[in-house]
Amino acid sequence: MPRIPVGRSIDNVIQFLLRHFGGLFDGVSSLLTTLVNAVYAVLHNPAYLVMIAVFAVIAWFASRRWQLVVFTVLAFLLVDSMELWTEAMQTLTVVLIAAGAAVVIGVPIGIWAATSTLVSSVTRPVLDLMQTLPVFVYLIPAVFFFGIGVVPGVVSTIVFAIPPAVRLTELGIRQVDREIVEAAHAFGSRPRQVLRQVQVPLAMPSIMAGVNQVIMLALSMVVIAGMVGAGGLGEVVVRGVTQLDIGAGFEGGLSVVILAIFLDRVTGGLGTPRPRTTRLRSRFARRRTVEQDREPEGADVEAVAVG
């Protein structure tokens with residue numbers, strides 16, 4: 001078999017993009033750097049006790065469980081006691097930006113795929129490819145396009161974290177009860193109204209599960225992105241591995257676990273079905289019941305008229 005130069009073709013494509021769109025990549029890099037600095041300033045400039053109180057309030061409103069509030073306070077106090085507060089806020093900054101961008105990109109694509117069989121059939125193999133590629137492969141083009149630093153870490157994390165948002169959004173919308181959708185159409189709702197007011201609210205638990213998975217993947221990728229100078233806890237873990245410093249690596253990994261548990265519980269609490277969704281289901285259930293009760297009466301009247 002002759003050798004097919006796939007790698008050379010990819011390299012030529014990257015060089016072409018760098019020559020003709022270098023200014024675009026510089027603009028994206030500048031924008032992301034500004035955004036990272038702004039979010040990091042919001043998280044790091046206040047005193048750590050103030051931020052811990054904010055995290056505790058977020059945990060309470062998301063879950064309404066005092067156990068999570070206590071865990072949040074004690075866990076972030078532990079992070080500060082290990083002198084990793086700055087690195088933890090750097091990691092949280094990258095995770096929030098990357099996960100937010102992945103959700104903004106992935107959820108609309110998932111909605112589009114749920115409403116179009118063609119889009120679904122096209123996106124499925126692309127998502128399979130994205131989820132089976134080794135995570136280090138995402139760093140190579142990001143470093144070529146954006147150099148060394150936090151920007152390639154953010155970009156590679158965004159791309160790596162998109163698939164769960166697309167898949168679980170599409171799955172949630174496709175699993176909405178068809179009778180509820182038909183009832184909404186029967187009462188005169190337009191397709192966009194049905195999507196916005198019926199399908200998306202009922203699919204919200206699945207969508208929030210996708211958001212949860214996006215955040216978990218972003219956290220795992222941020223640690224690997226520490227190898228290209230992304231900073232944060234990933235750099236602490238990488239330094240501990242390269243210098244055989246078991247204690248420093250364990251402290252960095254423990255801080256990552258604390259962030260993961262906090263974000264997982266918060267997004268899980270936000271994904272719990274709300275009273276509005278329950279009322280929506282019951283309202284359409286009552287409407288279906290009323291329609292079913294009316295149908296025999298109409299049939300009897302028609303039969304009497306024919307007789």
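The values are calculated or read from the model by the stated rules, or taken from the named source; none is laboratory data. For clarity, every value in this text was computed on a predicted model and none was experimentally measured. Methodologically, a virtual Cβ is constructed for each residue, glycine included, from the backbone with ideal geometry; neighbour enumeration extends over all protein chains shown. Protein only, heavy atoms only, side chains kept; ligands, DNA and RNA dropped before computing areas. Shrake-Rupley method; radii C 1.70, N 1.55, O 1.52, S 1.80 Å.
Being among the basic types (Lys, Arg), assigned to a helix (DSSP H, G or I) and farther than 15 Å from Val256 by Cα is a property that holds for Arg192.
Among the residues of segment 204-246, those identified as among the small types (Gly, Ala, Ser), open to solvent by 20 Å² or more (accessible area, probe 1.4 Å) and in contact with a Gly (Cβ under 7 Å, 6 or more places away or on another chain) are Ser206, Ala209, Gly229.
Contact annotation: residue pairs with Cβ atoms under 8 Å, 6 or more positions apart or on different chains, pairing a residue in segment 9-26 that is within 15 Å of Val143 (Cα to Cα) with a partner that is assigned to a helix (DSSP H, G or I) and open to solvent by 60 Å² or more (accessible area, probe 1.4 Å), are Ile14/Phe144; Leu18/Phe144.
Remark: pairs (first residue in segment 258-273, over 12 Å from Leu68 (Cα atoms); second residue of a type in the set (Ser, Thr, Tyr) and modelled with pLDDT of 85 or more; Cβ separation under 8 Å; 6+ apart in sequence or on different chains) = Leu259/Thr91.
From the list Leu219, Leu171, pick out the single residue that is closer than 20 Å to Thr72 by Cα and not hydroxyl-bearing (Ser, Thr, Tyr). Only one candidate qualifies: Leu219. Against the conditions (1) among the hydrophobic types (A, V, I, L, M, F, W, C); (2) free of Cβ contacts under 8 Å to residues at least 24 places away in the same chain; (3) farther than 18 Å from Ala260 by Cβ; (4) open to solvent by 60 Å² or more (accessible area, probe 1.4 Å), Leu35 satisfies every one except (2).
Checking each residue in segment 49-64 for being under 23 Å from the mean Cα position of the chain (by Cα) and open to solvent by 50 Å² or more (accessible area, probe 1.4 Å) picks out Val54, Val57, Ile58, Trp60, Phe61, Arg64. Scanning segment 234-263 for residues that are at pLDDT below 85, among the charged types (D, E, K, R) and in a helix (DSSP H, G or I) yields Glu235, Arg239.
Take Ala101 and tell me if it is assigned to a helix (DSSP H, G or I) and either open to solvent by 60 Å² or more (accessible area, probe 1.4 Å) or within 22 Å of Ser29 (Cβ to Cβ) (or both). So Ala101 passes the test. Within segment 132-185, the only residue that satisfies the criterion of being without any contact (Cβ under 8 Å) to a residue 60 or more places away in the chain, open to solvent by less than 30 Å² (accessible area, probe 1.4 Å), of a type in the set (A, V, I, L, M, F, W, C) and in a helix (DSSP H, G or I) is Val181. Scanning segment 110-131 for residues that are over 23 Å from Ser220 (Cα atoms), in contact (Cβ under 8 Å) with a residue 12 or more places away in the chain and of a type outside the set (S, T, N, Q) yields Ile111, Ala113, Ala114.
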